[in-house]
Structures are given as C-alpha cells and as structure tokens.
Amino acid sequence: VFAGSRNITLRDLSYTVNRLNSYDALMDSLGKDTLLRNEVIRELVMLKALQDMHGNPDYRRDNVENILSYVAENSRFPEHRKVAANILFQKNNMINGAKAPSIVLKDNDGKEVRIPEDFEGKYLYLGFWASWCETCLLEFIALNELHEKYKDNFAVVNISTDRHMRIYESFVKNTDYPWINLYFNHDFRLLDTYHVKSLPLFVLLDRQGRILEFPARRPSNNLHTLFEYYLFQQRRGRN
C-alpha cells in the first residue's frame with residue numbers, strides 16, 4: 001500500500017481516512033488495485049495499512065481507530081474482526097493515561113492480589129524481573145533504599161518471571177525484600193499484555209490505576225526525582 005501503486009496514491013489514502021473517515025471509501029480506494037479485487041484479501045491489506053497508519057502523524061489517529069472499530073464490529077469475516085480488535089488493543093494498551101491491564105495473582109500466603117484495583121489511592125511502581133537477571137538484582141538494591149522513604153505514597157510490587165516457582169520461592173525466602181513479591185505462574189499472556197520484552201521492566205501507575213510512565217525509569221536512574229515530581233503534582237492537586 002505504501003510502497004507505491006499505480007492505482008492507489010497516498011493522496012487517496014489520506015483523503016479517505018482524514019477527510020471521509022470511511023471504511024467503504026477506503027475499501028473502494030484499495031479496490032482500484034487489481035491485486036486487491038478479492039474482498040477478503042483487500043480487507044486484510046486494509047487492516048495492515050491501518051495498523052501502520054496508527055501513530056503516523058500523516059493520518060488522524062481517531063479516524064484510524066474509528067475504521068478499525070468498524071471492522072471489529074461489522075466485518076463479514078470473523079477472523080478480521082479479531083485482527084481489528086487486536087490491533088486496537090495493542091495500539092492503545094500501555095499508553096500514558098490508559099487504564100493498566102488487570103492482573104490477579106496470589107502472594108506467598110496464597111491471598112489474591114489484584115492489580116491495579118488493590119492499590120487505588122497510592123501510586124504503584126510495578127516491576128517484572130527474574131532471579132537470574134543480574135541487572136534486576138542490582139536495581140533491587142537501589143529500590144530497597146527508596147522503599148522506606150516513599151512507601152506511604154508509592155506501593156511497590158514486583159512480579160517474578162522465573163520459569164520454576166521453587167527458584168522464585170527460594171529467592172524470596174532468602175532475600176526478604178519489603179515490597180510485595182508475586183509469581184507470574186507461567187501466564188505468558190500477562191507478559192504479552194504488559195509488553196515484557198526484556199528484564200527488568202518497570203511501570204508507574206497513578207492513584208487511579210492509570211499508566212503514568214511506560215516503561216518507567218529504573219530505580220538506579222534517579223527514580224527518586226520522578227517520585228518527588230509526582231508527589232509535588234499531588235500536592236498541587238494534579239494527580
């Protein structure tokens with residue numbers, strides 16, 4: 001679509017998305033290419049194009065999302081409805097201001113911990129780590145120093161991604177860190193939802209469970225200045 005077609009121009013794409021905001025118009029525009037006469041292929045190509053348009057300053061984001069929503073709700077092809085819904089989820093997931101995805105895991109005592117619901121009223125500094133990750137353990141040293149000072153305003157939860165629960169349990173028992181430690185319980189969908197691609201990964205949520213920073217700065221990277229900034233904003237009634 002974007003590499004160049006004798007029958008599809010960038011001007012057409014811009015007009016149908018930015019001005020017309022129309023699924024039908026966009027499908028008609030793509031249909032000018034003889035390779036896309038088949039409706040199934042054309043709509044799938046359109047979904048890929050919309051995925052690439054999202055976040056591109058040349059295309060209105062709200063219009064792109066509107067057309068994706070139309071496909072998610074109205075496409076004649078069930079798989080395309082799923083694709084459109086997944087694109088919307090991925091594009092709007094983990095952006096600043098979005099509600100953090102819900103997590104329900106059990107703590108070391110077997111009690112359910114709900115994130116972010118159980119921490120409303122406090123900022124939440126959420127981390128993903130593993131016991132084999134040396135960088136993670138170094139960050140814990142810095143985080144341990146910050147925890148005591150900021151624990152009244154910032155809750156800290158760290159989720160282990162260790163493959164074997166017994167390794168996680170042994171590590172937690174021998175270190176006794178003061179924050180809440182949880183085990184991901186081989187829920188790889190959870191890791192996908194939070195876009196955990198490398199470790200450690202930290203996320204900062206506001207007092208209503210919305211994302212403030214993703215990824216958030218690490219404890220060793222002057223995290224205290226970020227905490228102080230949000231406490232200052234809180235005192236001014238802005239967070």
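The lone criterion from (1) more than 21 Å from D118 (Cβ to Cβ); (2) touching a strand residue (DSSP E or B) at 6+ places or on another chain (Cβ under 6 Å) left unmet by N222 is number (2).
Among the residues of segment 99-128, those that are within 17 Å of the chain's Cα centre (by Cα) and of a type in the set (A, V, I, L, M, F, W, C) comprise A100, I103, V104, I115, L124, L126, F128. Across segment 152-169, the number of residues qualifying as touching a Lys or Arg at 6+ places or on another chain (Cβ under 9 Å) and over 15 Å from R210 (Cα atoms) comes to 2. For the residues R11, R6, the requirement of being out of contact with any strand residue (DSSP E or B) (no Cβ under 7 Å at 6 or more places or on another chain), open to solvent by 30 Å² or more (accessible area, probe 1.4 Å), in a helix (DSSP H, G or I) and among the charged types (D, E, K, R) singles out R11. Entry remark, segment 185-239: residues being within 23 Å of Y168 (Cβ to Cβ), in contact (Cβ under 8 Å) with a residue 24 or more places away in the chain and basic (K, R) number 1 in total.
The values are calculated or read from the model by the stated rules, or taken from the named source; none is laboratory data. Keep in mind it's a predicted model, so treat the numbers as computed, not measured. Here Cβ is always computed from backbone atoms with ideal geometry, including for glycine, and neighbour counts include all displayed protein chains. SASA here: full protein model, heavy atoms, side chains in, ligands and nucleic acids out. Shrake-Rupley method; radii C 1.70, N 1.55, O 1.52, S 1.80 Å.
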